[in-house]
Amino acid sequence: MTGLELHAVDAGYGDFQALFAISLHVAEGELLALVGANGAGKSTLLRIIAGSLRPFRGSIRFDGADIADLSDIRRARAGIGLVPEGRRLFPSLTVEENLRVGAGTGRKGRWDLKGVYEVLPLLAERRDRRAARLSGGEQQAVAIGRALMGNPRLLLLDEVSLGLAPVVVDQLYAALPDIRTSGTTVVLVEQDLSRTFAVADRLCCLLEGRIALSGLASALTRAQVTEAYFGTASVSAPEVTS
Amino acid sequence: MTWVNTILQGLLLGGIFAMAAGGLSLMFGVMRIANLAHGDLMILGGYAAAVSTLHLGVPVPLTVLVSMAVLGGLGYLLQRTLLDRAMALSELAPMMVTFGIAVMIPNALAEVFSNDAQPLNIGALGTASIELGGGLAIGWFPLLTVVAAVLVLTGLHLFLHRTQIGRITRATADDPEVVRLMGVDNLKIYALTTVISLVTVALAGTLYAMRQGGVTPYEGQLTVLFAFETVVIGGLGSLWGTLAGGLVLGVAQSAGAQISPDLPLLAGHVVFLLVLVFRPQGLFGRSVLA
């Protein structure tokens with residue numbers, strides 16, 4: 001089966017278990033949005049997929065192959081690209097150098113410097129600036145561009161909009177359709193439900209490390225997601241927008 | 001004119017310090033390892049050269065290559081077997097490992113080769129000089145050393161800034177976890193860094209042994225001090241600063257010697273302390289790897 005498939009994944013840090021029996025499937029070219037409160041396990045799940053963290057048990061398959069035993073390095077080379085939480089740029093390198101390091105996966109494909117500058121035009125003007133001297137939005141754009149330079153087939157985006165002004169987030173999301181035209185599968189973490197519904201094919205809501213709700217975005221209502229988000233049965237729960 | 005000569009000789013002496021310090025600076029910049037064995041590895045490089053010509057009949061000019069190859073290989077093993085593991089333990093562990101190596105190298109050398117100097121004679125090149133007129137002369141060999149130092153540091157700079165591996169090395173210095181997400185094995189980058197560091201220190205050690213006409217086991221205790229002083233004077237993480245630091249230290253020692261034969265070391269240490277007091281970030285200091 002193509003795409004990404006997790007089966008009964010338990011994971012955590014030391015004695016602390018953050019994820020319980022996570023099973024999910026994302027078909028090739030699909031966009032899955034992970035929603036959930038802080039601490040629900042969204043970032044942990046992305047780290048498990050990227051290989052930065054090993055699960056306690058469970059299987060992870062990517063394009064039909066079992067990748068549970070592959071290191072983060074090999075997964076990156078196999079086409080799994082993570083835009084990590086907090087952006088994690090190389091602060092002493094320039095924008096362009098950050099992007100070039102992203103090509104370290106050695107994968108060929110549609111993304112090179114030119115392609116990234118076309119999709120994220122604000123980077124082209126700042127190519128010689130050190131990453132440490134960029135605004136938050138610019139840094140996030142570099143982090144996305146850097147992951148694209150590795151020509152991933154599966155792109156994991158962790159809280160792209162965190163701490164950014166809505167207008168900046170709009171600019172970043174404007175790049176998504178372009179990124180997806182090449183058939184790249186996307187898994188993203190997003191707190192803003194309207195944005196999530198606007199871009200996602202499939203939605204998965206985590207609550208305290210368990211999947212509380214999942215399904216096609218078109219088949220779910222905001223009320224259902226809100227309910228799963230807070231783990232309440234109350235239909236009058238406030239709308240989540242932040 | 002004496003003082004002009006003093007400064008000139010000091011600059012020429014500084015070449016070796018700069019070269020020795022370049023590798024020290026690189027290892028610290030990429031892995032945050034303060035390599036206390038750097039001076040002893042430099043002397044080991046001198047031994048590799050001297051022994052290869054004495055016992056294996058390698059022509060003297062080629063001993064440089066032998067020394068670089070031996071120390072490069074040693075650097076790879078050192079990183080893979082000891083330093084990688086030490087780095088996984090704690091921040092201080094690698095320094096303790098290098099301290100242990102710094103104790104072992106001179107004692108092993110004394111055990112095998114005795115305390116007598118192992119000669120490394122470069123013949124006429126050692127005394128040949130260019131007359132500049134007015135009583136000034138530049139020795140060919142010191143000049144060669146400075147040129148080699150400039151080439152090594154320029155080469156390092158170009159490598160770090162103009163090549164993909166160099167960029168990846170600097171990225172690894174910034175964040176070794178994240179380069180892994182780009183398919184880069186940070187441990188390979190560490191191994192490469194240590195190999196480069198030890199190859200350059202082998203060159204420095206060989207030239208040092210050639211300059212002195214030979215090499216003895218315990219000299220590393222002094223050369224490691226010079227290398228650290230050079231890095232601090234120049235500013236951590238700046239390769240041009242390292243070159244400047246070497247030259248400043250060379251001039252200070254040479255000026256000290258001009259005043260009194262006991263003074264060269266003291267003069268060097270005083271300049272080092274003055275820099276620490278008045279410009280702790282060094283002459284060209286930056287907080288990140290150049």
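The values are calculated or read from the model by the stated rules, or taken from the named source; none is laboratory data. Quantities reported herein were computed from a predicted structural model and do not represent experimental measurements. Cβ atoms come from the backbone with ideal geometry, glycine included; neighbour counts cover every protein chain shown. Side chains included, ligands, DNA and RNA excluded: accessible areas come from the protein's heavy atoms. Shrake-Rupley method; radii C 1.70, N 1.55, O 1.52, S 1.80 Å.
Can you run phi through the Karplus equation (6.51, -1.76, 1.60; θ = phi - 60°) for the range B:177-190 and list ³J(HN,Hα) in whole Hz, with x for Gly and Pro?
After applying 6.51 cos²θ - 1.76 cosθ + 1.60, I find 5, 6, 4, 4, 5, 9, x, 9, 7, 4, 5, 5, 5, 4 Hz.
Return a whole-number percent for the relative contact order of chain B, with Cα pairs under 8 Å and 6 or more residues apart as the contact set.
Computed over chain B, the figure is 37 percent.
Taking amide hydrogens as modeled 1.01 Å from N in the peptide plane, which residues meet the under 5 Å criterion relative to A:R87, leaving out close sequence neighbours?
Amide H neighbours of A:R87: none.
Could you work out the Rg to Rh ratio of the range B:49-140, with Rh taken as the Kirkwood radius (inverse of the mean 1/r over all Cα pairs)? Provide the component values of the computation, followed by the final result.
Values: Rg = 19.1 Å, Rh = 16.6 Å.
Here the Rg-to-Rh quotient is 1.15.
Got a sec? Charge dipole of the range A:22-144, +1 on Cβ for Lys and Arg, -1 for Asp and Glu; which of A:A103, A:V35, A:L24 is way out at the positive end?
Final value for the positive-end residue is A:A103.
Evaluate the distance, in nm, between pseudo-label points positioned 7 Å from the Cα of A:V199 and of A:S71 along their respective Cα→Cβ axes.
3.1 nm
State in Å² the accessible area per residue of the range B:2-278; use a 1.4 Å probe, count heavy atoms of protein chains only, and round to the nearest integer. Walk me through the numbers before you get to the answer.
Working: 11380 Å² over 277 residues.
Heavy-atom SASA per residue in the range B:2-278 reads 41 Å².
Give, rounded to the nearest 20 debye, the magnitude of the charge dipole that the protein assembly as shown has about its Cα centre when Lys and Arg contribute +1 at Cβ and Asp and Glu contribute -1 at Cβ. If you can, show how the numbers build up before the last one.
Numbers: 38 positive and 40 negative charges, 136 e Å.
That gives the protein assembly as shown a dipole magnitude of about 660 debye.
According to a simple spin-label model (label point 7 Å from Cα along Cα-to-Cβ), what is the distance in nm between A:S218 and A:D112?
3.7 nm
For A:D192 and A:Y13, calculate 0.36 nm times their separation in residues minus their Cα-Cα distance, and state this gained length in nm to one decimal.
Working it through step by step, the gained length comes to 61.7 nm.
Compute the whole-percent fraction of alpha carbon pairs in chain A spaced more than 21 Å apart. If you can, show how the numbers build up before the last one.
On the way: 16230 of 29161 pairs.
For chain A, the share of Cα pairs beyond 21 Å comes to 56 percent.
Shape of the protein assembly as shown from its Cα gyration tensor (a ≥ b ≥ c, root eigenvalues): rounded if a/c is under 1.5, otherwise prolate when a/b > b/c, or oblate? Working shown, then result.
Values: a/c = 2.96, a/b = 2.43, b/c = 1.22.
Here the protein assembly as shown falls in the prolate category.
Between B:F159 and B:S114, take the C-beta separation as r, use R0 = 41 Å, and let me know the FRET efficiency to the nearest 0.05. Working shown, then result.
Values: r = 39 Å, r/R0 = 0.95.
Given R0 = 41 Å and the Cβ-Cβ separation, E is 0.55.
With each pseudo-label sitting 7 Å past Cα toward Cβ, what's the A:N38-A:D178 distance in nm, one decimal?
If labels sit at A:N38 and A:D178, their model points lie 3.3 nm apart.
Give the calculated FRET efficiency between A:A165 and A:F20 to the nearest 0.05, with a Förster radius of 30 Å applied to their Cβ-Cβ distance.
Efficiency, from the Cβ-Cβ distance: 0.25.
Across the range B:31-46, in residue order, what do the Karplus-derived ³J(HN,Hα) couplings come to in whole Hz, using 6.51 cos²θ - 1.76 cosθ + 1.60 with θ = phi - 60° and x for Gly and Pro?
10, 6, 9, 8, 7, 6, 8, 4, x, 6, 5, 4, 5, 4, x, x
Which residue fluctuates the most in chain B, going by a Gaussian network model with Cα springs under 10 Å, if the choices are B:A227, B:A252, B:A137?
B:A137
Of A:L188, B:G10, B:L24, which is farthest towards the positive pole of the protein assembly as shown's charge dipole, taken about the Cα centre with +1 and -1 on the beta-carbons of Lys, Arg and Asp, Glu respectively?
A:L188
Of B:A93, B:A202, B:A48, which has the largest mean-square fluctuation in a 10 Å C-alpha GNM of chain B?
Largest GNM mean-square fluctuation: B:A93.
Determine ³J(HN,Hα), in whole Hz, for all residues of the range B:239-252 in sequence, where each value follows from phi through the Karplus function 6.51 cos²θ - 1.76 cosθ + 1.60 and θ = phi - 60°; x replaces Gly and Pro.
Taking θ as phi minus 60°, the curve returns 5, 5, x, 4, 4, 4, x, x, 5, 4, 5, x, 5, 4 Hz for the range B:239-252.
Span-like helices, chain A: DSSP H, alpha-carbon axial extent 15 Å or more, mean Kyte-Doolittle 0.0 or greater, which ones? Write out the running numbers ahead of the final one.
On the way: long enough: A:136-149 (20 Å, 0.26).
Length and hydropathy pass: A:136-149.
Considering chain A as a Gaussian network with a 10 Å cut-off on Cα pairs, which listed residue, A:A40, A:A217, A:A198, attains the greatest mean-square fluctuation?
Evaluated over chain A, the most mobile residue of the options is A:A198.
Helix B:140-162 versus the longest principal axis of chain B: what angle, 0 to 90°, nearest 10, using Cα atoms?
On a 0 to 90 degree scale, this one is about 20.
Could you order peptides B:244-251, A:88-95 by the average number of other Cβ atoms within 10 Å of their residues, highest first?
Working: B:244-251: 26.4, A:88-95: 22.4.
By packing density, highest mean first, the sequence is B:244-251, A:88-95.
Assign unit charges at the C-beta atoms only (+1 for Lys and Arg, -1 for Asp and Glu), then state the dipole size of the range A:104-222 relative to its Cα centre in Debye, rounded to the nearest 20. Write out the running numbers ahead of the final one.
Working: 16 positive and 13 negative charges, 86 e Å.
Charge dipole of the range A:104-222: 420 debye, to the nearest 20.
If you build the convex hull over the alpha carbons only and average its shadow over all orientations, what do you get for the range B:2-278? Give it in nm² to one decimal.
On the way: hull surface 61.5 nm².
Taking a quarter of the hull surface, the average projection is 15.4 nm².
Select from A:G81, A:G58, A:T44 the residue farthest towards the positive end of the dipole of the range A:44-104; place +1 on Cβ of Lys and Arg, -1 on Cβ of Asp and Glu, and compute about the Cα centre.
The residue sitting farthest along the positive end of the dipole is A:G58.
Tell me, in nm to one decimal, what length is gained between B:T81 and B:R279 on full extension, where the rule is 0.36 nm per residue of separation less the Cα-Cα distance? Don't skip to the answer; put the middle values down first.
Numbers: separation 198, 0.36 × 198 = 71.28 nm, distance 3.77 nm.
Once the chain is fully extended between B:T81 and B:R279, it gains 67.5 nm.
Let me spell out the model: positive unit charges on the Cβ of Lys and Arg, negative unit charges on the Cβ of Asp and Glu, origin at the Cα centre of chain B. What dipole size does that give, in debye rounded to 20? Don't jump to the answer; show the numbers that get you there.
Values: 11 positive and 13 negative charges, 131 e Å.
With only Lys, Arg, Asp and Glu charged at Cβ, the dipole is about 620 debye.
Give me, ordered by chain and number, the residues 5 or more places off A:R129 or on other chains with an amide H under 5 Å from its own placed amide H.
Residues meeting the amide H criterion: A:V95, A:E96.
Considering only the protein assembly as shown, what is the antiparallel percent among its DSSP beta bridges, to the nearest 5?
On the way: 27 of 45 bridges.
Antiparallel: roughly 60 percent of the beta bridges in the protein assembly as shown.
Under a 5 Å amide H to amide H cut-off, with H placed in plane at 1.01 Å, what residues pair with B:S129 once short-range neighbours are removed?
B:W140
Can you work out the FRET efficiency for the pair B:D262 and B:L65, with r the C-beta to C-beta distance and R0 = 41 Å, to the nearest 0.05?
Working: r = 38 Å, r/R0 = 0.92.
Once rounded, the FRET efficiency stands at 0.60.
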